[in-house]
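J.: Take this structure, written in structure tokens, and hold onto it; I'll ask about it next.
FYI, it's all coordinate maths here, none of it is from the lab. The shown structure was predicted, so the numbers you read here are calculated from the model rather than taken from an experiment. FYI the Cβ positions are ideal-geometry reconstructions off the backbone, even for glycines, and counts take in every protein chain you see.
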Amino acid sequence: MLSELRLELGRRLGLIRKGTFNFLWVRDFPLVEYDATEKRFMALHHPFTAPNEEQLDLLTTDPVRVKSRAYDLVLNGTEIGGGSIRIHNKELQEKVFGVLGIGPDEAREKFGFLLRALELGAPPHGGLAFGVDRLLMLLTGSDSIRDVIAFPKTQKATCPLTDAPAAVERKQLTELSLRPDWKD
């Protein structure tokens, strides 16, 4: 990852001072990006992220230029939290769904409850989710997040304590209407 390279170069060049905490808000992320494989626009954050209010006219003409109202909080080069202001207007939500290739029928089927809530006047709202484990890693000077979490996974996403991931019983798969493509 480029962030790891940047941090390693910062260490080698002596650009990172121990005990210094530099915070940064990152904002003005693009709202959408074009996926050539899917041949449609995809939400960069999630399909409920509000677009920049000054760029609403670009939604129908040039959606890739529209910035979102999403944000990240960065400490010493590591993202420790992120979130967004959500769309709270039914017409705008339907317009964004349209940009994402979600038609009225699909929107009603998948998100009818949300559209109804927006129609009834859901208030403006947003959120910010902190990665407490990342913050603890930085505050303790650890090099790895695995040093500060209770049950860390290995780099291969396995857990030595619980032996996860474990095999799934066929009964559980049947309950979830899943059919594996492997043999017993």
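J.: Could you give me the ³J(HN,Hα) list for the range 101-108, computed from phi with Karplus coefficients 6.51, -1.76, 1.60 and θ = phi - 60°, whole Hz, x at Gly and Pro?
T.: For the range 101-108, the Karplus curve yields x, 9, x, x, 5, 5, 4, 5 Hz.
J.: Below 8 Å, C-alpha to C-alpha, sequence gap of six or more: please give me the relative contact order for the chain in percent.
T.: 16
J.: I would also like to ask the following. Using θ = phi - 60° and the Karplus relation 6.51 cos²θ - 1.76 cosθ + 1.60, list the HN-Hα couplings for the range 128-133 in order, rounded to whole Hz, with x at every Gly or Pro.
T.: 8, 9, 8, x, 4, 4
J.: Next up: Each residue of the range 141-151 in turn: what ³J(HN,Hα) in whole Hz from Karplus with 6.51, -1.76, 1.60 and θ = phi - 60°, glycine and Pro shown as x?
T.: x, 6, 8, 9, 5, 5, 6, 10, 9, 4, 10
J.: Assuming a ≥ b ≥ c are the square roots of the Cα gyration tensor eigenvalues, decide whether the range 1-149 counts as rounded (a/c under 1.5), prolate (otherwise, with a/b larger than b/c) or oblate. Could the numbers behind the result be given before it?
T.: Values: a/c = 2.63, a/b = 2.07, b/c = 1.27.
Prolate.
J.: Additional query: Amide H of ALA50: which non-local residues (sequence gap of 5 or more, or other chain) have their own amide H closer than 5 Å, using H built in the peptide plane?
T.: For ALA50, the qualifying residues are ARG69, ILE85, ARG86, ILE87.
J.: Past 30 Å, Cα to Cα: identify those pairs from LYS110/LYS171; LYS90/LYS171; LYS39/LYS153; LYS95/LYS156; LYS39/LYS156; LYS39/LYS110, in the order given.
T.: Working: LYS110/LYS171 28 Å; LYS90/LYS171 41 Å; LYS39/LYS153 36 Å; LYS95/LYS156 41 Å; LYS39/LYS156 33 Å; LYS39/LYS110 21 Å.
In this structure, LYS90/LYS171; LYS39/LYS153; LYS95/LYS156; LYS39/LYS156 exceed 30 Å between Cα atoms.
J.: Next question. Once you place label points 7 Å from the Cα toward the Cβ at ARG108 and ILE145, how far apart are they in nm?
T.: So the label points at ARG108 and ILE145 sit 4.1 nm apart.
J.: Could you tell me the relative contact order of the range 97-184? Use alpha-carbon pairs under 8 Å, at least six residues apart, and round to a whole percent.
T.: Once normalised by length, the contact order is 9 percent.
J.: Using only DSSP helix segments of four residues or longer, with each worth -39500 (n - 2.57), what per-residue ellipticity at 222 nm results for the chain after dividing by its residue count and rounding to 500?
T.: Values: 6 runs with 56 residues, N = 184.
My calculation for the chain gives -8500 deg cm²/dmol from helical runs alone.
J.: Evaluate the range 29-79: find the radius of gyration of its Cα atoms, find its Kirkwood radius, and give the ratio Rg to Rh.
T.: Using only Cα positions, Rg/Rh for the range 29-79 is 1.05.
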